[in-house]
Amino acid sequence: MTSIPAPPSPELAAATEALRAQWATLRPWIGAQVDARTGAEPSILEGWTVAHLVAHVGRALNALTALEPAPEGTVPLALGEYVAGYADGAEAIAQGTRDLAETLSPDLLAGVDALAAEAFDHLRTLGTVDRVVIARRGPIRLGDMVTSRVIELVVHADDLQRSVDRARTSPSGAELLERGAPGPGPIHAGALELVSQALLDVLVARGGWSVEVVDPITWVRLAAGRTHYDVDTLAAALQAPYTSDAVPDLGRVLPLF
């Protein structure tokens, strides 16, 4: 008896489209805003330079290249479980990023481009079915893995933009200011929407709260630990579906990773 092939996954297709759109937005921005001078500036992440952030974008995409189909019957981690592992691996991630930046030097962007091309090529070979794959941090559905890469690119695009903006206004940033305004930002609107909803889904899965996103970038910063948590910032990011309800205190669960 001939088995019927599994249909393409619309969720995987949407995540893949968002990933490609985000990379197509971020890459030209990096090329226009980050050079050797800017790359040496400290980023908003303690202990990381702007060049480290650029290298980390390549490392995030390279995680797709490492994917392999999982054995039949493998139980995948949920997206929230997968990203929760970032905190325990923070030092290894930082060291791996620094090592990669050194390896790709002096032509960092060319190296990141090569990693991105390899990642997208491998993603094509994995097909359009939302199968379970083995990733560096365990088994996960392919659609969730691609979504995690969109999260990485959106969060670090914001990190990069804020880092470059800070460098432009620093006492040593006169050369950067001479370039004028940085132009369009590095975050694709559709990718930001997908990420904000995915992170909201993680939040709801963990606590069952009923909330909605009102300011996607503020919510993403809160979820990723990039913005200090307080009730005013939370109220600017999320709202209850009914005006008579208050947003619950989420201080014990944020950041999500």
- Whose amide H sits under 5 Å from the amide H of Arg141, counting only residues 5 or more places off or on another chain, with H placed in the peptide plane? Leu77, Val133
- Query: Measuring from label point to label point, each 7 Å out along Cα→Cβ, what is the Ala14 to Glu72 span in nm?
  - Reply: 3.1 nm
- Counting each DSSP H run of 4 or more residues in the chain as -39500 (n - 2.57), what helix-only mean residue ellipticity at 222 nm follows after dividing by all residues, to the nearest 500 deg cm²/dmol? -18500 deg cm²/dmol
- Query: Where in the stretch 54-70 does the amide nitrogen come within less than 20 Å of the point 7 Å from the Cα of Asp113, taken along Cα to Cβ?
  - Reply: 54-63, 65
- Contour minus Cα-Cα distance for Ala6 and Val204 (0.36 nm per residue): 68.4 nm
- Query: What nm distance separates the two modelled labels at Asp99 and Val214, each placed 7 Å from Cα along Cα→Cβ?
  - Reply: 4.6 nm
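Can you give me the accessible area per residue for the stretch 47-141, using a 1.4 Å probe, in Å²?
Ligands and nucleic acids excluded, the result is 47 Å² per residue.
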- Message: Suppose all protein chains stay in the model; what accessible area per residue would a 1.4 Å probe give for the stretch 182-249, in Å²?
- Response: 51 Å²
- What is the distance, in nm, between label points placed 7 Å from the Cα along the Cα-to-Cβ direction at Thr233 and at Thr125? 4.2 nm
- Principal semi-axes in Å for the chain [√(5λ), Cα gyration tensor, largest first]: 30, 26, 16
- Message: Among Thr38, Leu77, Leu19, whose Cα projects farthest towards the positive end of the dipole of the stretch 1-94, with charges put on the beta-carbon of Lys, Arg (+1) and Asp, Glu (-1)?
- Response: Thr38
- Query: Which value in Å does the Kirkwood hydrodynamic radius of the stretch 128-257 take, with 1/r averaged over all unlike C-alpha pairs and then inverted?
  - Reply: 16.6 Å
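The values are calculated or read from the model by the stated rules, or taken from the named source; none is laboratory data. Note that this is a predicted model, so its numbers are computed, not measured. For neighbour counting, all protein chains shown are included, and Cβ atoms are generated from backbone atoms with ideal geometry for every residue, glycine included. Just so you know, the surface numbers come from the protein's heavy atoms only, side chains and all, with ligands and any DNA or RNA stripped out. Shrake-Rupley method; radii C 1.70, N 1.55, O 1.52, S 1.80 Å.
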